[in-house]
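All remarks here apply to the structure that follows.
Bear in mind these aren't lab numbers, they're just calculated from the coordinates by the rules spelled out. None of these values were measured; they are calculated from a predicted model. Counting neighbours? That spans all protein chains shown, and the Cβs are built from the backbone with ideal geometry, glycine included.
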Amino acid sequence: MGENINKNAVALRYDPVKDDVPLVVAKGRGYLAERIQQVAQENGVPVKEDKQLAEYLMSLDLYDEIPPELYAVVAEILAFIYSMDQKYE
């Protein structure tokens, strides 16, 4: 089937109006990880690969807030996504 069982994907949500910090809203391994990425691409959501961060975020429960020690890393990803949005508007 070609699925990579070692692949992880984590989706974050951050709405500065509703959320104090980013939240984990989806996560999965293998086929589910591939599906998360596919849905993101189909909906124009930028995908940033960071295996180490994804592995750490996989340990969080759904709708958990990102812990303070990850704020800087997640802020870099949000800045990347913001720059991608600006580039393609």
Completion exercise
Matching residues in region 20-73 (surrounded by 15 or more Cβ atoms within 10 Å (Cβ to Cβ) and among the aromatic types (Phe, Trp, Tyr)) number 1
Handout entry: Scan of region 14-46 for residues that are within 15 Å of Val73 (Cα to Cα) and out of contact with any Pro (no Cβ under 6 Å at 6 or more places or on another chain), ordered by number
Key = Val21, Pro22, Leu23, Val24
